[in-house]
Every structure is written in structure tokens, then in C-alpha cells.
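Okay, so here's the structure we're looking at.
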Amino acid sequence: MSVLVYAENAGGKFKKSVFEAVSYARAVADQNNTTLTAISIGDVSADELNTLGNYGAHKILNVSADNLKNFVNQAYASVIAKAAEAEQADVMVISNTFSGRGLAPRVAVKLGAGIVDGAVSLPETANNKFTVKKTAFSGKAFATVELTSANKVIALIANSYKVTENPTGAKAEVFSVESKESDFKAMLKEIIKSADKVSLPDAEIVVSAGRGLKGPENWGMIEELADLLGAATACSKPVSDAGWRPHSEHVGQTGIAVSPNLYIAIGISGAIQHLAGISSSKVIVVINKDAEAPFYKVADYGIVGDAFEIVPKLIDAVKAYKA
Ligand code: FAD
């Protein structure tokens, strides 16, 4: 047995979720007295690849081909499955990111593996069982899943495992696989970046606002607070439905699920459909003028008052703290 972890890059750089996944995968390998191989696909420098060794990868495989520069679900899943076979890996760890959510089930199908998506803790391996805790019902509950198949795929939720330094000194090596474009069901031709902002699904801090902000012209203070905190901006569904903010910021049951360390909800009532997307946040701060707003039931900290008074004061306080 061995463990394989997929290291997803964004523009040639690894995200924090990768180091979490590598740290997690190394802990799984240690539980089973085995080794960890990390695989990266696309254009990543040797220095960047070698950082995977800082978090416990014993071996680092680099797959770089012209037709694999951009993420393509089928092609990447096929490469990961081939690497798993070559490394005789039976546990695969993939971050539950936007692309990871598409990749993990495909890898599982290719390897005939059981899959647990949305994992939040290390597997329990007592009594020869392999059980993993995961989120269920859009984050409203937890479930424990037992994987009984020989091969197993674990899709790990961001911010659910601590990045742990564990240097091995491993250096990246080339892993060659044949990838024919004619086998791809879809090709990604171009990525158009909307703006140089913190990516919402991976953000450690999210500043989110709702209809209480009254109109799109009032988002300046939300963006300023987010910039100061190094946070991503998000919103409730009615806000994106009204075109005040892009749909990519819509959080909740029908939008993006986030799991930041800090979620600041401003002028959002806390409807169940919104909470479904944010309930695995570590700390929730609510700013709402209605002390009875449902959001306060799940808040760790609450400030009852007018957002138009409180947010500028918060901005001043953060600026003063940083000065
Ligand atoms: P509102 O409910 O209008 O609440 C605004 C809040 O702002 C109020 O609590 C008010 O007290 C407060 N406020 C007003 N003025 C101020 C001020 N000056 N300062 C501070 N606070 C102020 N919603 C989602 O967000 N995500 C989803 O994915 C989603 N999916 C849905 C799916 C279905 C099938 C359905 C039926 C609904 C879904 N909704 C979703 C909608 C959801 O039910 C709520 O209607 C929505 O979340 C409410 O958005 P809101 O809190 O911004 O607005």
C-alpha cells in the first residue's frame, strides 16, 4: 500500500489547500507505515515542485505536456489513475476544490475505488476498518463513511487539516504518460481572469454582504475591508440575482460552499439556504441591525447595529492595527 496526493496548481503556484492535502496525506501514510507520493500536472517550476517535500511527500512526480497545461477533467483523472497504478497507491487524496470535485469521482471510477468527498478528518483505521468523517447535507451535518474497497479516494475540504511541516528533501522527477487530445472529451482553450482577487473557494477570510447593503453602490466599504484583511468577497443569492454582484460570489445551497477560518456576514439574514454554504466556517462574525436575525444563532461573535456605521469603524480599526 502507498498514498498518492494530487497537488493542484494555479498559474504554476500551489495553493494552501495543496499543502494541507499533502500534510493530511502524509499523516494517512504514517498511519499505515507507508510512503507518500505527490503528483503535479502542468507547468510548475522545479523549486515550486520541491516545496511538496517540505510537507512530507517522499516522492514528487511532475507531469508536464503541452496538452496538459490547462486543467481538463478526463485527462487529469487519467494521468492520476496511471500514476496511482505505477506507484501501487491505494489511497488517493485530492483537495475538494472546484476542480478537485470533478476530478475525484473520475479517478475513483478509473481505479474502481470507493470515495469519500468532503472529508474533514483523518481516517479511523481501528479493527481493520477505514472510516472517514465528512460533511453531509450541504454542511448541515456530519457523516462517517466506511470505505470497504481496496482502493480509496479521499476529497479533503479546505481548511480542515493543519499544514504540517515534515521535510523529506524529496526532489521532483518526471513522470511520463501518453496523453492524446483525441481521447479528451473536452478541451480548455483559454482562461480569462476576471480580476486579481483572492479566490473565494480557497479563501481563509471571507467578507460577505447581503441585501441589507441596499444597493451595489455600497460595496466599496465591503471591498475595502476585504482588501485590508486579505479576504475574498462574497454575497447572498438575492444580491447576485439582482446583478449587484457577480454570480461567482453567491454563497449557499445553490452557490459556492466555503469553509474559511473567518466568515464575516454583513446585512445577511441567515436563511437556511445561505447557512448551508458557510456552516463549516471556523469562526462566524455577524453584523446585522436586527438582533433577532437568524444568523445570530450560528454566530461566534455578533455586532448588532447598522452596517453603514460599523463597517467604516472596522476599516479604521484594521488600518490603525496595521499602521
Ligand atoms: P434579506 O433576507 O433581505 O436580509 C437582509 C438582512 O439585512 C436582514 O437580516 C436585515 O435585518 C439586515 N439589514 C438591513 N439593513 C441593514 C443595515 N443597514 N445594517 C445591518 N443589517 C441590515 N440564499 C443564499 O444566500 N444562498 C443560496 O444559495 C440560496 N439558495 C436558495 C435556494 C432556494 C431553493 C431558495 C427558495 C432560496 C435560496 N436562497 C439562497 C434565498 C434565501 O432563502 C434568502 O432569501 C436569502 O439568503 C436572503 O438574502 P439576504 O439575507 O441578503 O436578504
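Would you mind stating whether residue 285 is open to solvent by 50 Å² or more (accessible area, probe 1.4 Å), more than 7 Å from the ligand (Cβ to nearest atom) and at pLDDT 95 or above?
Details: open to solvent by 50 Å² or more (accessible area, probe 1.4 Å): no; more than 7 Å from the ligand (Cβ to nearest atom): yes; at pLDDT 95 or above: yes.
For residue 285, the condition - open to solvent by 50 Å² or more (accessible area, probe 1.4 Å), more than 7 Å from the ligand (Cβ to nearest atom) and at pLDDT 95 or above - is not met.
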So, in region 240-259, how many residues would count as being open to solvent by less than 50 Å² (accessible area, probe 1.4 Å), over 25 Å from residue 309 (Cα atoms), assigned to a loop (DSSP other than H, G, I, E, B) and touching a residue at least 24 places away in the same chain (Cβ under 8 Å)?
3
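Criterion first (open to solvent by less than 50 Å² (accessible area, probe 1.4 Å), more than 7 Å from the ligand (Cβ to nearest atom), touching a Ser or Thr at 6+ places or on another chain (Cβ under 9 Å) and of a type outside the set (S, T, N, Q)) does residue 294 satisfy it?
The answer is no for residue 294.
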One residue is enough: does region 258-267 have a residue meeting the conditions closer than 16 Å to residue 237 by Cα, more than 9 Å from the ligand (Cβ to nearest atom) and at pLDDT below 95?
yes
Quick check on this structure: which one of 310, 315 is under 11 Å from residue 264 (Cβ atoms) and part of a helix (DSSP H, G or I)?
310
Out of all the residues in region 270-282, which are near the ligand (Cβ under 6 Å from one of its atoms) and open to solvent by 50 Å² or more (accessible area, probe 1.4 Å)?
273
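Return yes or no: is residue 225 over 20 Å from the mean Cα position of the chain (by Cα) and either more than 8 Å from the ligand (Cβ to nearest atom) or in contact (Cβ under 8 Å) with a residue 24 or more places away in the chain (or both)? Even if it seems obvious, please write down each step before you answer.
Values: over 20 Å from the mean Cα position of the chain (by Cα): yes; either more than 8 Å from the ligand (Cβ to nearest atom) or in contact (Cβ under 8 Å) with a residue 24 or more places away in the chain (or both): yes.
In short, yes.
The values are calculated or read from the model by the stated rules, or taken from the named source; none is laboratory data. This one's a predicted model, so the numbers in the text were calculated from it and none came from an experiment. A quick note on method: Cβ atoms are made from the backbone with ideal geometry, for glycine too, and the neighbour counts reach across all protein chains shown. Areas reflect the complete protein model, heavy atoms only, side chains present, ligands, DNA and RNA absent. Shrake-Rupley method; radii C 1.70, N 1.55, O 1.52, S 1.80 Å.
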